[in-house]
Structures are given as C-alpha cells and as structure tokens.
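Below: one structure, written as structure tokens.
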Amino acid sequence: MTEADCVECGATLTLHDDYEIGEIVDCTTCGVELEVLDTEPPVLDEAPELAEDWGE
Ligand SMILES: [Zn+2]
C-alpha cells in the first residue's frame, strides 16, 4: 500500500498498488484531482483541468 499527501488539504491518500505516472487520483477529503508526477516516492500535484473546461 502506498500513501501520499494531498497538496491541497494535506490529507493522506491511499494509492492502489499499480498506480502510475500521469494517473489522476481524487482526494476523498477535499475532492481535488491530483496527478501522479512520480512513483518512487509518490509525488502528487494538482491536476490540470483536462477533461472539463469550466469556461473561465
Ligand atoms: Zn485534499
């Protein structure tokens, strides 16, 4: 089991065993989407909004 900290709220996220770079994970605490930037050790950063354009 792998754990990483949410960059937004600091909550500890549990990553499944076969996560990979570029994967998007949701923080279950604050709901932000986080992108996996590295795996050894796990590095998360706030994901760019690729899927949805909120029409800024
Ligand atoms: Zn969070």
* To do: Kindly provide the set of residues from segment 26-48 that are out of contact with any strand residue (DSSP E or B) (no Cβ under 7 Å at 6 or more places or on another chain) and either modelled with pLDDT of 95 or more or surrounded by fewer than 13 Cβ atoms within 10 Å (Cβ to Cβ) (or both), ordered by number.
  => THR28, THR29, CYS30, GLY31, ASP38, GLU40, PRO41, PRO48
* To do: Considering only residues that are under 11 Å from ASP45 (Cα atoms) and not in a loop (DSSP other than H, G, I, E, B), look in segment 10-25 and name the one that is least open to solvent (accessible area, probe 1.4 Å).
  => VAL25
* Structure fact -> Those residues of segment 1-32 which are in contact (Cβ under 8 Å) with a residue 24 or more places away in the chain, more than 7 Å from the ligand (Cβ to nearest atom) and more than 10 Å from the chain's Cα centre (by Cα) amount to THR2, GLU3
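The values are calculated or read from the model by the stated rules, or taken from the named source; none is laboratory data. Just so we're clear, the structure is a prediction, and the values are computed from it rather than from any experiment. Heads up, the Cβs are rebuilt from the backbone with ideal geometry, glycines too, and the neighbour counts pull from every protein chain shown. The accessibility values were calculated without ligands, DNA or RNA, using every heavy atom of the protein model including side chains. Shrake-Rupley method; radii C 1.70, N 1.55, O 1.52, S 1.80 Å.
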